[in-house]
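The values are calculated or read from the model by the stated rules, or taken from the named source; none is laboratory data. From a predicted model like this one, the values you see are computed outputs, not experimental measurements. No Cβ is skipped: glycine too gets one built from the backbone with ideal geometry, and neighbour counts run over all protein chains shown. What goes into the accessible areas is simple: the full protein's heavy atoms, side chains included, and nothing from ligands, DNA or RNA. Shrake-Rupley method; radii C 1.70, N 1.55, O 1.52, S 1.80 Å.
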Amino acid sequence: MASRLLLVGLLLATCSLALASDPSPLQDFCVADPDSEVLVNGVVCKDPKDVKAEDFLFRGLQRMGNTSNAVGSNVTAVTVNELAGLNTFGISMARIDFAPWGLNAPHTHPRATEILTVIEGSLLVGFVTSNTENRLITKVLQKGDVFVFPQGLIHFQQNVGKGYALAIAGLSSQNPGVITIANAVFGSNPDISRDILAKAFQTNVNVIKQIQSKF
């Protein structure tokens with residue numbers, strides 16, 4: 001019996017439960033201070049006496065983003081980096097513009113769930129569940145439709161209408177992060193070994209070299 005209790009005690013002493021989320025506000029607000037040299041998990045607060053109305057304001061979301069690029073889309077993000085007043089509130093948002101057949105390429109948000117609503121146009125959206133099922137859950141959205149992308153899962157949106165499309169997204173983090181799959185895999189710095197990628201994608205190194213050259 002004593003040995004069992006000792007074993008349980010050792011397990012409790014060496015194991016811990018890890019929980020991660022955005023910091024919760026402990027005061028009315030904690031406006032981010034981008035000039036602070038203090039490093040914390042998040043952003044240091046500005047002195048409340050120095051806070052101004054402009055710290056809670058972002059202008060420009062009414063303007064269409066430039067979609068003249070390889071994928072035909074543009075994301076205008078409003079995170080704590082653009083709007084200091086979001087600090088500790090656990091939310092952010094984005095405007096997503098699409099040229100005809102434009103694509104918001106497969107990506108993940110490591111720190112946020114995303115809820116998206118279509119303002120104009122039609123979007124084919126979807127996400128892929130985790131291993132080993134890797135199930136694609138997809139839907140065509142029309143103006144006014146809302147769709148949720150679970151935190152951390154690979155997801156995408158593509159304009160399938162004849163004109164430009166517009167969507168607004170809300171995210172459950174002040175700094176959701178973005179990992180665009182193609183950019184991360186084929187455009188890393190330094191490059192991931194072509195032998196590794198060729199084996200992972202079951203192709204040859206010449207194909208990998210050609211793809212990497214685009215990133």
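Tally up the residues in the range 52-62 that are open to solvent by less than 60 Å² (accessible area, probe 1.4 Å) and either among the hydrophobic types (A, V, I, L, M, F, W, C) or not assigned by the TED database to the domain that holds I119 (or both), please.
Selection size over the range 52-62: 1.
Looking across the range 79-136, the residues that are within 30 Å of S24 (Cα to Cα) and of a type in the set (S, T, N, Q) come down to T79, N81, N87, T88, S92, T108, T113, T117, T129, S130. For the range 132-143, the criterion of being assigned by the TED database to the domain that holds G102, at pLDDT below 95 and polar (S, T, N, Q) is met by at least one residue. Among residues of the range 28-51 that are assigned by the TED database to the domain that holds T88 and open to solvent by less than 60 Å² (accessible area, probe 1.4 Å), those with a Cβ under 6 angstrom from a residue that is small (G, A, S) and assigned to a loop (DSSP other than H, G, I, E, B), sequence gap 6+ or separate chain, pair up as V44/S36.
For the subset of the range 171-189 comprising residues that are of a type in the set (V, I, T) and more than 28 Å from A84 (Cβ to Cβ), which member is most open to solvent (accessible area, probe 1.4 Å)? Reasoning before the result, please.
Our first condition is that a residue be of a type in the set (V, I, T); within the range 171-189, this holds for 178-181, 185.
From the residues that got through so far, the ones that are more than 28 Å from A84 (Cβ to Cβ) too are 181, 185.
Numbers: I181: 53, V185: 34 Å².
Applying the filter and picking the extreme gives I181.
Residues that are touching a helix residue (DSSP H, G or I) at 6+ places or on another chain (Cβ under 9 Å) and open to solvent by 90 Å² or more (accessible area, probe 1.4 Å) were ranked within the range 197-212; the one that is farthest from N104 (Cα to Cα) is N206. Kindly establish whether L123 is more than 30 Å from D55 (Cα to Cα) and among the aliphatic types (A, V, I, L, M). Yes, satisfied. Can we say V160 is surrounded by fewer than 18 Cβ atoms within 10 Å (Cβ to Cβ) and either in contact with a Ser or Thr (Cβ under 7 Å, 6 or more places away or on another chain) or at pLDDT below 95 (or both)? For V160, the condition - surrounded by fewer than 18 Cβ atoms within 10 Å (Cβ to Cβ) and either in contact with a Ser or Thr (Cβ under 7 Å, 6 or more places away or on another chain) or at pLDDT below 95 (or both) - is met. The condition of being in the same structural domain as V43 (by the TED database) and either under 30 Å from A84 (Cβ atoms) or open to solvent by less than 80 Å² (accessible area, probe 1.4 Å) (or both) holds for only one of I168, I192, that being I168. If you go through the range 83-140 and pick out every residue that is touching a residue at least 60 places away in the same chain (Cβ under 8 Å), of a type outside the set (V, I, T) and open to solvent by less than 50 Å² (accessible area, probe 1.4 Å), you end up with 15.
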